[in-house]
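To start, the structure under review is shown below, and the notes come after it.
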Amino acid sequence: MEGPECNLVAAHGGMPDDMMIALFLGLAPAMLDPGRAEVLAVVEAAFAGIAAKDEAAIRAQLRPTGTATVIMEKVDGSRTVRSVDLAAWASVNPGPERYKEQMIAPTVAIDGAIATVSGRYIFSTDGTIRHCGYQHFDLVRDAGIWKIQNVTWSVRTFGCGAARARRK
Amino acid sequence: MIFLPLLLAAAPAADKAPAPVSASDAAAVMAPLKAWFAGIDATDATAIRNQIRIDGGGGATIAVSRPDGTKLVRHVTWEDYLAKIKPGEHRYHEQFTASPMIQIDGDIAMVWGDFTLSVDGKVATCGVDHFDLVRENGAWKVQNVTWSQRTAGCPTT
């Protein structure tokens, strides 16, 4: 990596938090600025809550009003759209499975107190990719704290093979 | 309105780089927003309602920055939003002031772009409109909208 941003990251020593977030979300650390890192940290915290099956940790990243909208894409080409209250997005199965969700090189845009994080994602259970798709977070900053206002995502159980092969 | 689509993620593989949005796909996503803005210009709540996924439970979220530096975030239901769209003594006009960023993946789209809202021919507020759209039964509709709103530093036209 070249440029002053990289030097600033390296000067911290070890692995700064924003770099850890960047690696998890598939971003180049040098591309992060503080505002971008703050927004991504909210999504990363929600994903950490999913991995820990900690509904309170997930809910802590959500605003009280909002929607979670999922588009299920089936192999036969049929699709269904379903919206629920955002709080439902925090529900996790209490079983023994280990979950991991991550986004791949998401796009982040910020204007004042609104932001978006969007891009491809993969969802794994016990280390095996179960589904993938596109995910779009809508965030707002209220009283200085970024939270998720809405989330929309697609679910595909096919076509995720390229991601699976890369991670073997 | 000029479309300059930036990103598309229509290919099924999870880790392929997004491809550019085609002009026809961008036009399809922008059509309900164009109709929405026309509805604002005409203070026609029905025209706007027709662009909304009204049963999707979504709404509008506004992040207001006041000249004195205070900030406010509020969320309104679609019905509350639409109730405020009614003919009156003022003329409104909303437009994107630059080509918005558009992402499309299957039946999900997002549009993010600078806007101005004029009242009686004079820019009153500006900010960024962020539309969350889904395609259902072949039609793109707005699931949610969020916008930043300020009165300082806005373009004059």
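So here's what we get for this one:
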read-out: Label-zone membership for the stretch B:71-104, site B:ASP120, 7 angstrom Cα→C-beta point, backbone N under 12 Å; value: B:89-92
read-out: Burial ordering of B:SER99, B:SER118, B:SER148, A:SER78, fewest other beta-carbon atoms within 10 Å first; value: A:SER78, B:SER99, B:SER118, B:SER148
read-out: Relative exposure of B:ARG53, A:ARG79, judged by other C-beta atoms within 10 Å (fewest first); value: A:ARG79, B:ARG53
read-out: Virtual spin-label span in nm between A:ASP54 and B:ILE54, 7 Å along Cα→Cβ; value: 4.3
read-out: Between helix B:23-41 and chain B: long-axis angle, C-alpha atoms, 0 to 90°, nearest 10; value: 20
read-out: Highest to lowest packing among B:83-95, A:54-66, scored as the average C-beta count within 10 Å; value: A:54-66, B:83-95
read-out: B:ARG74 paired with B:LYS34, simple spin-label distance in nm, labels 7 Å along Cα-to-beta-carbon; value: 3.3
read-out: Amide hydrogen neighbours beyond the local backbone of B:PHE115, cut-off 5 Å, H modeled; value: B:THR97, B:GLY127, B:VAL128, B:ASP129
read-out: Per-peptide average of other Cβ atoms within 10 Å, ordering A:127-133, A:151-157, B:66-72 highest first; value: A:151-157, A:127-133, B:66-72
read-out: FRET E, pair B:ASN137, B:GLU89, Förster distance 45 Å, beta-carbon r, rounded to 0.05; value: 0.70
read-out: Residue order, fewest to most surrounding Cβ atoms within 10 angstrom, among A:MET72, B:MET101, A:MET103; value: A:MET72, B:MET101, A:MET103
read-out: Cβ neighbours within 10 Å from other chains - mean over A:81-92; value: 2
read-out: Neighbouring partner chain Cβ atoms per residue of B:71-79, average, 10 Å criterion; value: 3
read-out: Inter-chain Cβ neighbour average for residues B:101-113, partner chain, 10 Å; value: 6
read-out: Inverse of mean 1/r across different Cα pairs in the stretch B:19-150, Kirkwood, Å; value: 15.3
read-out: Cα-projected label distance for B:THR43 with A:ALA88, points at 7 Å along beta-carbon direction, nm; value: 3.8
read-out: Partners for B:LYS34 among lysines (Cα-Cα distance below 23 Å; same-chain residues under 8 apart left out); value: B:LYS84, B:LYS86, B:LYS122, B:LYS141
read-out: Proximal aspartates and glutamates to A:LYS100, defined as alpha-carbon separation beneath 15 angstrom and excluding residues fewer than eight positions away on the same chain; value: A:GLU44, A:ASP54, A:GLU55, A:ASP126
read-out: Cα centroid of the stretch B:51-108 to Cα centroid of the stretch A:89-168, whole Å; value: 25
read-out: For chain B, calculated [θ]222 nm from helices alone, where every DSSP H run of n ≥ 4 adds -39500 (n - 2.57); value: -5500 deg cm²/dmol
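We did not get these values from a lab; they are worked out from the coordinates using the rules stated. In this text, all values refer to a predicted model and were calculated from it rather than measured experimentally. So basically every Cβ, Gly included, is an ideal-geometry build from the backbone, and we count neighbours across all protein chains shown.
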